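Novice: Structure below; questions to follow.
The values are calculated or read from the model by the stated rules, or taken from the named source; none is laboratory data. Predicted model, so just to flag it, every value in this text is computed and none were measured. Positions of Cβ are backbone-derived with ideal geometry, glycine not excepted, and every protein chain shown enters the neighbour counts. When the accessible area is computed, the model is the full protein with side chains, heavy atoms only, and any ligands, DNA or RNA have been set aside. Shrake-Rupley method; radii C 1.70, N 1.55, O 1.52, S 1.80 Å.
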Amino acid sequence: MPDHEVAGARVSPREVEVLTALGEYLTNPEIAARLYISIRTVESHVSSLLRKLGVRDRRALAALA
């Protein structure tokens, strides 16, 4: 699957799924259960999104979603 562009940054399809879930104010365990991935993997995606999108915290990510 090709990457997507969000706020000028290239993000993977899985990162888009995580970002969407963050926009629904789900916790990392809830996201992990929804996407059938580990909590640690969710944490990695959140960290990557924070870096790629240049925002400070989960609230800012949720606002972008």
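Condition check ((1) assigned to a helix (DSSP H, G or I); (2) of a type in the set (Asp, Glu); (3) without any contact (Cβ under 8 Å) to a residue 40 or more places away in the chain; (4) open to solvent by less than 40 Å² (accessible area, probe 1.4 Å)) across all residues:
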| residue | (1), (2), (3), (4) |
| --- | --- |
| Arg14 | yes, no, yes, no |
| Leu19 | yes, no, no, yes |
| Leu22 | yes, no, no, yes |
| Ala33 | yes, no, yes, no |
| Thr41 | yes, no, yes, no |
| Ser48 | yes, no, yes, yes |
| Lys52 | yes, no, no, no |
| Val55 | no, no, yes, yes |
| Leu61 | yes, no, no, yes |
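Novice: Please state which one of Val55, Val6, Val16 is in contact with a strand residue (DSSP E or B) (Cβ under 7 Å, 6 or more places away or on another chain), among the β-branched types (Val, Ile, Thr) and modelled with pLDDT under 95. So that I can check it myself, show each step before the final result.
Specialist: Numbers: Val55 fails: in contact with a strand residue (DSSP E or B) (Cβ under 7 Å, 6 or more places away or on another chain); Val6 fails: in contact with a strand residue (DSSP E or B) (Cβ under 7 Å, 6 or more places away or on another chain).
Selected residue: Val16, the only one of Val55, Val6, Val16 that is in contact with a strand residue (DSSP E or B) (Cβ under 7 Å, 6 or more places away or on another chain), among the β-branched types (Val, Ile, Thr) and modelled with pLDDT under 95.
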